[in-house]
Structure formats: structure tokens, C-alpha cells
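The values are calculated or read from the model by the stated rules, or taken from the named source; none is laboratory data. Just so you know, these numbers come straight off a predicted model, no measurement behind them. No Cβ is skipped: glycine too gets one built from the backbone with ideal geometry, and neighbour counts run over all protein chains shown.
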Amino acid sequence: MNKPVELFKKELKVVNIGLQTFYDSLKSQGASAAHVEWKPPAGGNEELLAILQKLK
Amino acid sequence: MKVNINEANKEALNRINSAQPTLVDIKYAKDVLPGMDKYTIGHAGPPLEWKDMCGPLKGAIIGAIKYEGLAQNNEEAEELVVSGKIKFVSNHSMGAVGPMTGMITYSMPLFEVKNETFGNYGYCTINEGLGKVMRFGANDDEVITRLKWLEEKLAPALKKALELSGPINLKVIIAQALAMGDEMHQRNIAASSLFARKILPFVVKVVEDREELEKITSFITGNDQFFLNLAMASGKVTMDPVKGIEGCTIVTAMSRNGTNFGIKVSGLGEQWFEAPVLMPKGLFFPGYSEKDANPDIGDSTIVETFGIGGFTMGAAPAVVRFVGAESVSAAMEYTRDMWEITEGKSNIYQMPTLDFQGAPTGIDIRKVVETGILPVINTGMAHKEPGVGQVGAGIVNAPMECFVQALLAFSQKYFG
């Protein structure tokens, strides 16, 4: 069975993580969606992440 | 160096929560601020030189020089500055704070607030009212005359009234006002009214001249922001005992000079970590727009530093439209965001609108950098040109660069 194809035959229920515009786009098309605010820790800066790890 | 950051931060939260800010007296800057003389001018934010100052700060300084009688007009005042005779000092370094441009000079009266728990004192000027006032950079005769009246009439009356009333517990007023819809940065109407209820029965006993009494009572009751300066002094005395805890990543001061935003961090002592100030987003008085506004300025961010102001926007539905927030739920979201970057919650400053949860307390630089959530500040906006005054109010963030710099310095100091 092709799972992605099966999925798109059903009503979509989407959890969107991160970029709000994806969520807005889904909602504007009438899709059922929930948005989770998320950003990469320290904006993804590896130097800062290493420091934060030390300061736990 | 071996340090326990989490224990240090718990200690910081404990010191903030156990603070007891109390108004004890009215004093003059010349009598209580270290190094204060006729040629010294205290200003908001981290230290900076005249050449780097923004328009409203320069305007206020020119006004402050005239107020002290050192110059007769703006040109003379500016010449005095250029000659190098005027010494500029960051208010925070003198144990004081002032809103917007934050002018504190030799003759100015100050609220003296004591943290009864730790025994330290903090000072703030008396609020001048709204509109065309020195803290927003205005400096004409009307502004100077009002400041002289504050010095010569209002301050002595308040001092005498306080002698009769005894110390006034500001922590109680702040807690009550939060429950009455103030966040105590851009909305102080409940706190100002509560303070008026405390002080006016004694003012009427000490001021014999009926005309002067009417002027004083009208001034206090006619200024919805009267309490702001008391909230600021409360913040200063609450946060000063948090300084210097070894290994602590909690912010002890946030302040802006109109050019740079600065923060201090407990475990890093008195060093400012600075970045260019941001432009508030908000609402403007009729006839003004964003192109007229100066970027963020003032020591008043001391209120957010100890957990109120923008941090308790969720408690103040009525301030939402004034500062240009989109909805009451958005205001509550700001407060929820601030819980993400703070060590804990206030045990006294509680918000009925948020099920009596405590104000977000103790900004942790680690959490700010990790989450990318920036402290939110409710603020007034000054005109960018000297001498004009207030043009609006809005919301602004502390710049991330301050927190990144502080985190790097902290890592260097404690982990090499």
C-alpha cells in the first residue's frame, strides 16, 4: 500500500511546527491544522549551543 | 571555576521575591547621590558621550543645564557641554533611575526608596506628567518652571507628608494595582490612585496655602503615570541586592540611553553588555508617526527587569490598545512568553487574569539565547528632535546581541 497516497485521500489533519506561513496557508485552504511555535535552539548557532550545554 | 548556576539563580529569585520596597523619604540629588555636583548630569542607560547621544537626550541635557541656572539659553547650554565642563554619569552607577532621558541633576528632588529586607536604598525623580516634559527631551520655559515647582513646592510638601504618614509600602501598592489592571509601565492609573489615597490625607495637613494645596492635589491626581517613578525605584532597590551572585545568569538591570540598550548580569558584576536600541512599534499621538520617533530610551526597563511592565501585560487589558498590541489574548501571550525566559514567578505580584499566577521573574540570559524569546517592554516614545516631547507609546524588545555578548562573557569568566 502506498501510504502517502492513502493519506491524501483522507481529510488532512496537520500539526505544523515552526514556520507560521505554512499553517496560515493550510488554514486559508480550509484544512484542519494546529500550529506549534518552534525555533531551533539558539537560532541553530553551534558555538552558542556548545556554551549553553556547558552552562546547564 | 566550579559554580552551580541553577543554585545561584534560585538565590537570585529568592532575593527578588523577598524584597520589600518602601518609600521612606524625599531627598535632593545633591545630598544623596555619590559624586553629584552642579556640573554633573545623570542620564538613562549605559554611559555614552555627547557626540553619540540622540536628539531627545541632548534636548533634555540642554534643559537640565538651564534648570540648574548654568546657562540662560540653549546656545549657552550647548557651549558649556562642548567646553567639556559638564560630566555625564549613568544614573544606575549612582544608585538611581529616571524615566526616558532620565535627567537627574544637583537640585532635583528624588523619591528615596528602601528595600527593608536588605537595607539598600534607591532613588528616582518625581514624575513630571505627560506630554511636553524634560524626560521626553522638551526644554522650554514651561518645562523648567514645572521642574522648579517640583523642587521648591511639591517635594517639600511630600517630604513633610511622609514624615507624618510614615514609610509607605510600595510592594503592597504594586500587588494591588496589578489586580486592578495596571502593568506599571504604560498604565499606572490604579497604582497612582492607591498612592494618592495614602499620601493626600497627610498632604492636606502639611500644606497651609489653599491655592498651593489645590495645585499639589491636582498635580498628583491628574497624572496617571505618577506612580511609574515609584515603581522604577522599587525595581532598582529590588534588583541591586541580586548583583554579584557568583555563577548567576540572572539579569540585574536593563536600560537604554536612546542609542544603546544595555544589560547587567548578576554573575558578571557592573559590566554593561550593549547593542543598538530598537524602534518601538505602537500608536502615535495625532500628527505624529514612526518617522518622528526616537528609538527606545530610558531606565524604566528596570520595571521589566523585576517582572512587571511588559512582563505583566496579561494583567492589564486596558493597556493593550494604548501600546498598540492587537488583542487581550496577545497581551496574555506576551506574559506567557516571558515565563519561558525567567527563573520563576513572583510570589506576591500576581495576575488575576492569569489565574493568579505570579509575574515572570528573573530574566535568565541562557533562556533568552536558547529560546530566542526577547524581553518585551512597554514604553513611551519621544520625538527624535530635541525639545519636542512625547509622540506615542508602544512595545519594543531588548536586542538579542546584549544577551549573546553576556553569555559569551559569562562562559569566558567561569569556564575559560
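From the residues in segment A:1-55 that are modelled with pLDDT under 90 and either more than 20 Å from the chain's Cα centre (by Cα) or hydroxyl-bearing (Ser, Thr, Tyr) (or both), which one is nearest to B:Lys2 (Cα to Cα)?
Applying the filter and picking the extreme gives A:Lys3.
Just to verify a result, which residue in segment B:81-107, among those that are assigned to a helix (DSSP H, G or I) and in contact with a helix residue (DSSP H, G or I) (Cβ under 6 Å, 6 or more places away or on another chain), is farthest from B:Asp140 (Cα to Cα)?
For segment B:81-107, the residue satisfying everything is B:Asn91.
Of everything in segment B:264-321, what is outside any strand (DSSP E or B) and basic (Lys, Arg)? Give them in sequence order. Walk me through how you get there before you give the answer.
Kept after step one, since they are outside any strand (DSSP E or B), are these residues of segment B:264-321: B:266-272, B:277-280, B:285-292, B:294-296, B:299-321.
Selection gives B:Lys291, B:Arg321.
From the residues in segment B:30-57 that are part of a helix (DSSP H, G or I) and either among the acidic types (Asp, Glu) or surrounded by fewer than 22 Cβ atoms within 10 Å (Cβ to Cβ) (or both), which one is nearest to the other protein chains (Cβ to nearest Cβ)? Give the derivation first.
Let us first name the residues in segment B:30-57 that are part of a helix (DSSP H, G or I), namely B:30-32, B:50-52, B:55-57.
Next, from what is left, pick out any that are either among the acidic types (Asp, Glu) or surrounded by fewer than 22 Cβ atoms within 10 Å (Cβ to Cβ) (or both): B:30-32, B:50-52, B:55.
Values: B:Lys30: 44, B:Asp31: 43, B:Val32: 38, B:Trp50: 35, B:Lys51: 33, B:Asp52: 28, B:Gly55: 33 Å.
Going through the qualifying residues, I end up with B:Asp52.
Only one residue in A:Lys9, A:Lys27 is loosely packed, with under 10 Cβ neighbours inside 10 Å, of a type in the set (Lys, Arg) and either farther than 27 Å from B:Glu401 by Cβ or free of Cβ contacts under 8 Å to residues at least 12 places away in the same chain (or both). Which one?
Working: A:Lys27 fails: loosely packed, with under 10 Cβ neighbours inside 10 Å.
Within the list A:Lys9, A:Lys27, the selection yields A:Lys9.
When you scan segment B:160-202, how many residues do you find that are assigned to a loop (DSSP other than H, G, I, E, B) and either free of Cβ contacts under 8 Å to residues at least 24 places away in the same chain or surrounded by fewer than 22 Cβ atoms within 10 Å (Cβ to Cβ) (or both)?
Initial filter on segment B:160-202 (assigned to a loop (DSSP other than H, G, I, E, B)): B:166-167, B:180-188.
Remaining after also requiring either free of Cβ contacts under 8 Å to residues at least 24 places away in the same chain or surrounded by fewer than 22 Cβ atoms within 10 Å (Cβ to Cβ) (or both): B:166-167, B:180-181.
Residues meeting the conditions: 4.
Report whether or not B:Pro375 is buried (at least 19 other Cβ atoms within 10 Å of the Cβ), modelled with pLDDT of 95 or more, out of contact with any helix residue (DSSP H, G or I) (no Cβ under 9 Å at 6 or more places or on another chain) and closer than 24 Å to B:Leu283 by Cβ.
No; evaluated as a whole, the condition is false for this residue.
Can you spot a residue in segment A:45-55 that is out of contact with any Ser or Thr (no Cβ under 6 Å at 6 or more places or on another chain), surrounded by 13 or more Cβ atoms within 10 Å (Cβ to Cβ), within 13 Å of chain B (Cβ to nearest Cβ) and touching a residue at least 12 places away in the same chain (Cβ under 8 Å)? I'd like the intermediate steps shown before the answer.
So the first thing to find is which residues in segment A:45-55 are out of contact with any Ser or Thr (no Cβ under 6 Å at 6 or more places or on another chain), and the list is A:45-50, A:52-55.
Retained after the next criterion (residues that are surrounded by 13 or more Cβ atoms within 10 Å (Cβ to Cβ)): A:45, A:48-49, A:52, A:55.
Now restrict to residues that are within 13 Å of chain B (Cβ to nearest Cβ): A:45, A:48-49, A:52, A:55.
Those left that are additionally touching a residue at least 12 places away in the same chain (Cβ under 8 Å): none.
No.
Conditions: (1) crowded, with 18+ Cβ neighbours inside 10 Å; (2) touching a helix residue (DSSP H, G or I) at 6+ places or on another chain (Cβ under 8 Å). B:Arg336 meets all but one. Number of the miss?
(1)
Going residue by residue through segment B:394-415, is there one that turns out to be crowded, with 18+ Cβ neighbours inside 10 Å and acidic (Asp, Glu)?
no
Go through segment B:1-26 and give me each residue that's charged (D, E, K, R) and either assigned to a helix (DSSP H, G or I) or more than 14 Å from every other protein chain (Cβ to nearest Cβ) (or both). I'd like the intermediate steps shown before the answer.
Step one: list which residues in segment B:1-26 are charged (D, E, K, R), which gives B:2, B:7, B:10-11, B:15, B:25.
Within segment B:1-26, B:Glu7, B:Lys10, B:Glu11, B:Arg15, B:Asp25 meet the criteria.
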